[in-house]
Amino acid sequence: MNDARPDAPWWRDAVCYEVYIRSFADAGSDGYGDLPGLTSRLGHLADLGVDALWITPFYPSPQHDHGYDVADYRDVEPTYGDLEAFDTMLTGAHELGLKVIVDLVPNHTSSEHPWFQAALAAGPGSPERARYLFRDGKGRAGREPPNNWLSVFGGPAWERVPDGQWYLHLFDSSQPDLDWTNPEVAADFETTLRFWLDRGVDGFRVDVAHGLRKAAGLPDVDDPQKFVSGTMPRAPMWDQPEVHEVYRRWHEVLAGYDGDRMMVAEAWAATPAATMAYARPDEMSQAFNFHWLEAEWSAREFRDVVSLSLTEAATVDSSPTWVLSNHDVVRHPTRYGGGKVGLARGRAATMAMLALPGSAYLYQGEELGLEQVEVPETQRQDPEFLNGRGPGRDGCRVPIPWSGTAAPYGNGTGDPWLPQPDGWAALTVEAQRAEPDSTLSFYRRVLAARRALAGDAVELVDLGEDVLAFRRGAVLVVLNAGEEHVPLPDGEVLLASDGLGGEGTLPPDCAAWLAVAPVS
Ligand code: NOJ
């Protein structure tokens with residue numbers, strides 16, 4: 001609760017924990033996390049002190065993109081359980097005071113979705129094909145793709161079907177893009193929204209929110225490789241103005257329900273303003289802000305991130321969001337150099353992030369200080385890697401360690417779907433729970449202390465080039481990103497990310513919260 005906005009909806013300053021369902025907790029022995037596993041571990045999330053959980057797609061899916069290829073939007077993948085298991089999890093979460101956000105994937109379906117199968121069977125010109133973006137090819141006998149767009153996962157964004165037509169897939173060829181100009185598509189997603197809202201979910205994380213509409217005529221681009229990123233200005237496949245109509249309609253749907261149901265956009269648009277447009281008052285509640293996740297370990301960059309993010313959120317009267325890690329990026333202790341230094345920096349950045357107003361999104365395992373795992377190439381499963389687009393994202397998706405001294409570390413009893421490293425014994429929840437200096441205990445302390453913070457006003461304070469420092473109410477946050485100790489201003493130290501230096505100094509790679517006189 002925020003003193004400046006006593007009536008603010010719950011999500012405005014919530015801490016939300018991302019559950020990557022496949023890797024969170026396996027209640028059985030198949031090596032995949034599942035809903036009963038999540039239910040059995042809800043106590044961990046309540047103890048940790050988060051407010052909400054976001055669960056990655058758990059719907060029926062051939063899992064070519066680990067659930068972001070949905071074959072049925074209104075059911076549960078049998079590997080993960082069934083609708084009853086979902087309801088049990090939801091009730092359990094609500095009983096513990098935790099909100100639940102589910103992931104909605106509207107840009108594309110799985111190629112195994114009945115609609116796509118019907119489109120293949122029905123042939124060119126049929127209403128079944130009109131739910132997707134089927135086109136004739138160019139060149140002799142239409143042998144070349146309809147345009148020069150590339151897939152985010154590598155190669156052309158078009159796949160040819162046996163009758164000679166092509167379909168668009170901005171991601172894997174098993175993820176055909178829907179045609180959002182077709183009213184049938186919009187109507188079906190409204191049914192899906194209501195299906196989960198009626199079951200009691202508190203919100204939606206909207207995947208590829210900026211992708212749903214494409215420029216009329218699907219024009220070629222001048223440099224296709226550049227346009228695989230949504231951040232390219234004037235991209236005909238991303239961030240078309242008409243996409244906002246979809247979210248204005250969804251806003252109305254959610255407003256018809258009680259309890260401040262929310263939506264958060266995953267929208268990698270070309271400018272911060274374009275991203276925040278998804279969080280305008282009549283659209284989604286929030287948009288992910290990835291500035292911190294993209295920043296180097298640098299006080300100057302962090303200062304820019306903080307001031308830019310606060311300004312951007314204010315322009316649309318939304319609350320800022322903060323993210324250091326998720327299932328698509330290298331874990332932040334590894335990004336910050338790895339080992340002891342990477343972990344120290346990770347903890348310091350977390351402490352600064354969690355002192356800011358707005359919502360923070362945490363990614364499972366960061367509370368254990370997990371690093372990116374080097375998954376052997378023969379065992380990688382991410383389509384990004386399999387399609388030759390870099391190392392892939394498996395390294396941040398390895399099933400998390402709960403207990404014990406060897407794989408599967410209490411995460412079920414079978415072989416985990418991605419191999420866990422040796423040496424995680426000291427990082428399990430069980431090992432860290434009672435250890436006051438552990439990263440888990442650290443997260444719990446910070447999350448508990450965060451509850452006492454209030455007010456939206458943040459003031460950057462100049463404590464030198466290598467220091468991020470800001471005040472929020474009666475707390476001064478100081479992060480030392482330099483190589484020398486820095487003197488700490490007067491004030492009782494409320495929290496520190498690591499042991500402090502003697503003589504009132506803050507060592508490199510550390511952060512502290514200090515009690516100071518409130519600004520009058
Ligand atoms: C963003 C998701 O976070 C990512 O994991 C997925 O591969 C793409 N969207 C495609 O759905």
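Coordinate-derived values only; no laboratory data. Please read these numbers as outputs of a predicted model, since none were measured by experiment. Note: ideal-geometry Cβ built from the backbone for every residue, glycine included; neighbour counts use all protein chains shown.
Starting from 0.36 nm per residue, how many nanometres of slack lie between Asp490 and Asp163 once their C-alpha separation is accounted for?
Extending this stretch completely gives an extra 110.3 nm.
Quick one: Debye curve from the alpha-carbon atoms of the range 239-372 only, equal weights, vacuum; give me log10 I(q)/I(0) at q = 0.11, 0.12, 0.18, 0.21 Å⁻¹ to two decimals.
Debye intensities relative to I(0), on a log10 scale: -0.43, -0.51, -0.99, -1.20.
Can you give me the distance in nm between label points at Leu83 and Ala517, each placed 7 Å from the Cα along the Cα-to-Cβ direction?
According to this spin-label approximation, the distance is 6.2 nm.
Taking every pair of alpha-carbon atoms in the range 421-520, what share in percent sits in each 10 Å bin, from 0 to the bin with the longest distance?
Spelled out bin by bin, the range 421-520 gives 15, 40, 31, 13, 2, 0 percent.
What are the equivalent ellipsoid semi-axes of the chain, built from the alpha-carbon gyration tensor (square roots of five times its eigenvalues), in whole angstrom, biggest first?
39, 26, 23
Using only Cα atoms and rounding to the nearest 10 degrees, what angle (0 to 90) does helix 83-95 make with the longest principal axis of the chain?
Helix 83-95 sits roughly 20 degrees off the main axis of the chain.
Return the percentage of antiparallel bridges among DSSP beta bridges fully within the range 74-219, rounded to the nearest 5 %. It would help to have the intermediate numbers written out before the result.
Numbers: 9 of 13 bridges.
Percent antiparallel among DSSP bridges in the range 74-219 is about 70.
For the pair Ala141/Leu500, report the inter-label distance in nm, with labels modelled 7 Å from Cα in the Cβ direction.
Simple spin-label model gives 7.7 nm for this pair.
Dipole of the chain, Cα-centred, from +1 at each Lys and Arg C-beta and -1 at each Asp and Glu C-beta, to the nearest 20 debye?
On the way: 42 positive and 78 negative charges, 98 e Å.
So the dipole magnitude of the chain works out to roughly 480 debye.
If you take the charge dipole of the chain about its Cα centre, with +1 on Lys and Arg Cβ and -1 on Asp and Glu Cβ, which of Val306, Tyr361, Gly217 is farthest toward its positive end?
Sorting the options by dipole projection puts first Gly217.
Between the range 236-275 and the range 110-180, how many Å separate their Cα centres?
About 26 Å separates the Cα centre of the range 236-275 from the one of the range 110-180.
If I fit a long axis through the Cα atoms of helix 299-315 and take the longest principal axis of the Cα atoms of the chain, what angle between them do I get, 0 to 90°, rounded to 10?
60
In nm, to one decimal, how far is the Asp422 label point from the Gln117 one, both placed 7 Å along Cα→Cβ?
4.6
Report the GluC sites (Glu not before Pro) located in the range 427-510 that are in a DSSP loop and have at most 11 other Cβ atoms inside 10 Å of their Cβ, or state none.
Working: sites: Glu430, Glu459, Glu465, Glu483, Glu484, Glu492, Glu503; in loops: Glu465, Glu483, Glu484, Glu503.
The qualifying sites are Glu465, Glu483, Glu484, Glu503.
Considering the dipole of the chain built from charges on the beta carbon (Lys and Arg +1, Asp and Glu -1) around the Cα centre, which of Thr378, His332, Leu293 is farthest to its positive end?
The Cα lying farthest towards the positive end belongs to Leu293.
May I ask for the Kirkwood hydrodynamic radius of the range 117-228, worked out over all distinct Cα pairs and given in angstroms to one decimal?
Working: mean 1/r = 0.0647 Å⁻¹.
Computed over the range 117-228, the radius equals 15.4 Å.
Give the distance, in whole Å, between the Cα centre of the range 192-229 and the Cα centre of the range 429-454.
36
For the range 457-515, compute Rg over Rh where Rg is the Cα radius of gyration and Rh is the Kirkwood radius from the inverse mean 1/r over Cα pairs.
Values: Rg = 10.3 Å, Rh = 11.2 Å.
On the Cα set of the range 457-515, Rg over Rh gives 0.92.
For the range 85-160, what does the alpha-carbon gyration tensor say about shape, rounded, prolate or oblate, given a ≥ b ≥ c as the root eigenvalues, a/c under 1.5 as rounded, and a/b over b/c as prolate? The partial results should precede the final answer.
Working: a/c = 4.75, a/b = 2.40, b/c = 1.97.
Prolate, since a/c reaches 1.5 and a/b exceeds b/c.
Mind checking the full-extension length gain between Val253 and Val461? Use 0.36 nm per residue of separation minus the Cα-Cα distance, one decimal, nm. Show your work: numbers first, answer last.
Values: separation 208, 0.36 × 208 = 74.88 nm, distance 4.26 nm.
Length gained between Val253 and Val461: 70.6 nm.
Using only Cα atoms, tell me the angle between helix 183-199 and the longest principal axis of the chain; keep it within 0 to 90° and round to the nearest 10.
Taking Cα atoms only, the helix is inclined about 40 degrees.
Would you give the gap between the C-alpha center of the range 387-424 and the C-alpha center of the range 2-76, rounded to a whole Å?
Using only Cα atoms, the two centres lie 18 Å from each other.
Do the sum for the chain: with -39,500 (n - 2.57) for every DSSP H run of n ≥ 4, divided by all residues, what is the mean residue ellipticity at 222 nm, to the nearest 500 deg cm²/dmol?
Details: 15 runs with 135 residues, N = 520.
So the helix-based figure for the chain works out to -7500 deg cm²/dmol.
How high is the FRET efficiency between Thr413 and Ala8 when r is their beta carbon distance and R₀ equals 51 Å, given to the nearest 0.05? Can you show the working numbers first?
On the way: r = 44 Å, r/R0 = 0.86.
Efficiency for this residue pair is about 0.70.
Which of the trypsin sites (Lys or Arg not before Pro) found in the range 132-212 are loop residues per DSSP with 11 or fewer other Cβ atoms within 10 Å of their Cβ?
Working: sites: Arg135, Lys138, Arg140, Arg143, Arg160, Arg194, Arg199, Arg205; in loops: Arg143.
Of the trypsin sites (Lys or Arg not before Pro), the ones in loops of the range 132-212 whose Cβ has at most 11 other Cβ atoms within 10 Å are Arg143.
Treat every Asp and Glu Cβ in the range 457-515 as -1 and every Lys and Arg Cβ as +1, leave all other atoms uncharged, and give the resulting dipole magnitude about the Cα centre to the nearest 20 debye.
Dipole about the Cα centre, nearest 20: 320 debye.
Taking K and R as +1 and D and E as -1, what net charge do the other residues with C-beta under 13 Å from the C-beta of Arg205 add up to?
-4
Compute the FRET efficiency between Thr405 and Glu374 as 1/(1 + (r/R0)^6), taking r as their Cβ-Cβ distance and R0 = 25 Å, and round to the nearest 0.05.
Numbers: r = 20 Å, r/R0 = 0.82.
That gives a FRET efficiency of 0.75.
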